[in-house]
Amino acid sequence: MRLAIKFLSIFKSAISFAVRRPKDAAIILLIFLLALAGWRLNREKNRSHELAAKIEGLPPGIKQTITIYKDRVVTKWRDGRTKIVYQDRYLPPEGRVEIAIKDDKPDTPSEIFIKDRGFTRRIGGGFVYTGEPLPLIDLKCAYWRRYSLMIGITPAFGGIGISRHVDDFLPFRNMEMLGLLGLDWEGRSKIGMGVRLNF
């Protein structure tokens, strides 16, 4: 019941915002629709790549191919005489790829290890909106696939944040959306949303 009341309250606030500020609401809706369209386009593109790779197959005598391109690790290997297995995995900018070749089993495909989680020390910066746009300097501490944990500071407050790469629905590889929660210089809690780039 509480959840339904909370949902209705959020819905009422959204309607009230749209009525009071229709231009801002239209811009937010347009950004959301563009992001959704970009995500769908990227998904369909990946599916078409997979279908093309399966149809294309592998040259005779080749058991496996591994292609590392920007943030993708694409693997194709022959399973049996005719079946081609295709795998497309995300490689974070902080991650790395290790390939283990089995000398004692030459007919089996190589094992691929993608380090897509761990600790890092990457400095970045961007902007956070918390009633007004504020510049941000941050240090990324840990990552897990597209998500990261960071510590950020602005002229008004500092805190801990979570960021996410947006390269799966926008064409910007280095850009991340973030949420930052912390305290201002008088001890009051602050929350901000924004974007960041790795330096």
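Overview of values
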{"read-out": "Criterion (aromatic (Phe, Trp, Tyr) and in contact with a strand residue (DSSP E or B) (Cβ under 7 Å, 6 or more places away or on another chain)) met by exactly one of 199, 169", "value": "199"}
{"read-out": "Residues of segment 57-81 classified as over 22 Å from residue 105 (Cα atoms) and not in a strand (DSSP E or B), total", "value": "3"}
{"read-out": "Only one of 170, 149 that is closer than 18 Å to residue 93 by Cβ, touching a Cys at 6+ places or on another chain (Cβ under 6 Å) and not basic (Lys, Arg)", "value": "149"}
{"read-out": "Residue within segment 98-108 that is touching a residue at least 12 places away in the same chain (Cβ under 8 Å) and surrounded by 14 or more Cβ atoms within 10 Å (Cβ to Cβ) present", "value": "no"}
{"read-out": "Any hit, segment 164-179, residues being over 15 Å from the mean Cα position of the chain (by Cα), more than 28 Å from residue 87 (Cβ to Cβ) and either touching a residue at least 40 places away in the same chain (Cβ under 8 Å) or crowded, with 16+ Cβ neighbours inside 10 Å (or both)", "value": "no"}
{"read-out": "Pairs with Cβ under 9 Å, 6+ apart, first in segment 1-14 and within 23 Å of residue 25 (Cβ to Cβ), second at pLDDT 75 or above", "value": "14/25"}
{"read-out": "Residue check, residue 3 modelled with pLDDT of 75 or more and either surrounded by 10 or more Cβ atoms within 10 Å (Cβ to Cβ) or of a type outside the set (Val, Ile, Thr) (or both)", "value": "no"}
{"read-out": "Of residues in segment 118-143 being surrounded by 14 or more Cβ atoms within 10 Å (Cβ to Cβ) and of a type in the set (D, E, K, R), the one farthest from residue 190 (Cα to Cα)", "value": "122"}
{"read-out": "Residue list for segment 183-193, restricted to those being on the phi < 0 side of the Ramachandran plot and of a type outside the set (Ser, Thr, Tyr)", "value": "183, 184, 185, 186, 188, 190, 191, 192, 193"}
{"read-out": "Scan of segment 45-68 for residues that are modelled with pLDDT of 80 or more and among the hydroxyl-bearing types (Ser, Thr, Tyr), ordered by number", "value": "65, 67"}
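The values are calculated or read from the model by the stated rules, or taken from the named source; none is laboratory data. None of these values were measured; they are calculated from a predicted model. Virtual Cβ from ideal backbone geometry, glycine too; neighbours counted across all protein chains shown.
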